[in-house]
1. Provide, as a two-decimal number, the C-alpha radius of gyration of segment 111-174 over 2.2 N^0.38 Å, N being how many residues it has.
2. Treating only the Cβ atoms of Lys and Arg (+1) and Asp and Glu (-1) as charged, compute the dipole magnitude of the chain about its Cα centre; round to the nearest 20 debye.
3. Rounded to the nearest 0.05, what FRET efficiency do L63 and D2 have when you use their Cβ-Cβ distance and R0 = 22 Å?
4. Spelling out what I want: for every residue of segment 159-174, take phi, set θ = phi - 60°, compute 6.51 cos²θ - 1.76 cosθ + 1.60 (Karplus), and round to whole Hz; glycine and proline get x.
5. Once you have the Cα-Cα distance between D131 and E178, take 0.36 nm times their residue separation minus that, and quote the gain in nm to one decimal.
6. Quickly work out the S198-to-E112 label distance, labels modelled 7 Å from Cα along the C-beta direction, and quote it in nm with one decimal.
7. In whole Hz, what ³J(HN,Hα) sequence does segment 108-124 give by Karplus (6.51, -1.76, 1.60; θ = phi - 60°), x for Gly and Pro?
8. How large is the translational diffusion coefficient of segment 91-229 in µm² per second when you combine the Kirkwood radius over alpha carbon pairs with Stokes-Einstein at 10 °C and 1.306 mPa s?
Amino acid sequence: MDTADIEVFLTLAEELHFRRTAERLRVTQPRVSRVVAALERQTGGKLFERTSREVRLTPVGALLRDRLQPAYTQLQAAFDEARLAARGTAGELRIGFTLTTQGPVLTRLAAEFEAGHRGCRTALCEVDIHDPYGALRRGEIDVLVNWLAVDESDLTSGPAIEYRQRMLAVGISHPLAERRTVHAEELADYETAGVLASLPAALQDAIMPARTPSGRPILRTHVGSAHDLVTQIVSCRAVHPTMAGILLLRRDDIAMIPIEDLPPLPLGLIWRTSHENARIRALAASATSITGRLHARRGESTR
């Protein structure tokens, strides 16, 4: 069994869908089927139950997945470490961000990392807000700066670089526009909109909760683009739960109101677990140093 076959098996065990597995790995569906058939011959038992409606792991398949995943992660990390050791830590680190996660803290992180690691340089790359993890999985970036609400088996959540206050964006003629604060319970009284239909559920729920703290359902709708979202807000057809500091929403016709009872959302580093290396760990250390100093300054200012 080679590492490519292991990757096919583990990806199928996660996706439970042959087409999506093939698309994610950029191989053909017959290639996925051949790998599964070969592994079943090696193990002597079926690894997946496949019907016209679903694909499920068998008990044998689940056992193989649980044993292979940590070994595969360690193997990938070992090769990454060896490659880095061979050429040193110098080189480029590609840091991805989305339309809503750019800002001064990201620029400061990149500058501090370069200053502390001679020979290292960063490249800041905007990625698709609708599919923030796609660029990571395709190897187009090394680290993603995004909201730390990750429930993906192949991704690692690193340190936070900032904690953003929860805000409600409304048009300036909206009934809530003159309020100093709003409560999360009030979100159930209005239609909420966001550019989130394609996001993973954990990330979507963190940004736009499905229910209020008491359990009342919140009506969530999705729009096709950032321009459509702004139009919905400005026209007062919907409100938008978001975070402070979003450049897209800094407009004279949009009011930003703090949401009192939702905790701040952490913004931080995310990377593929199997691709963690010394350079990524060095960036994480820089991020931890920055947030540590910010917390220390805030503590001093409150004394």
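Please treat every number below as a calculation from the coordinates, not as lab data. Since this is a predicted model, take the numbers as computed values, not measurements. No Cβ is skipped: glycine too gets one built from the backbone with ideal geometry, and neighbour counts run over all protein chains shown.
1. Numbers: Rg = 15.8 Å, N = 64, 2.2 N^0.38 = 10.7 Å.
It is 1.48.
2. Details: 38 positive and 37 negative charges, 100 e Å.
I would put it at about 480 debye.
3. Numbers: r = 20 Å, r/R0 = 0.92.
In this case the efficiency is close to 0.60.
4. Along segment 159-174, the couplings run x, 6, 10, 6, 10, 9, 5, 7, 10, 10, 8, 9, x, 5, 9, 6 Hz.
5. 13.5 nm
6. The answer from the label model is 3.3 nm.
7. Listing the rounded values in order: 5, 4, 4, 5, 5, 4, 5, 5, x, 9, 4, x, 9, 9, 10, 10, 8 Hz.
8. Values: Rh = 17.2 Å.
The diffusion coefficient I find is 93 µm²/s.
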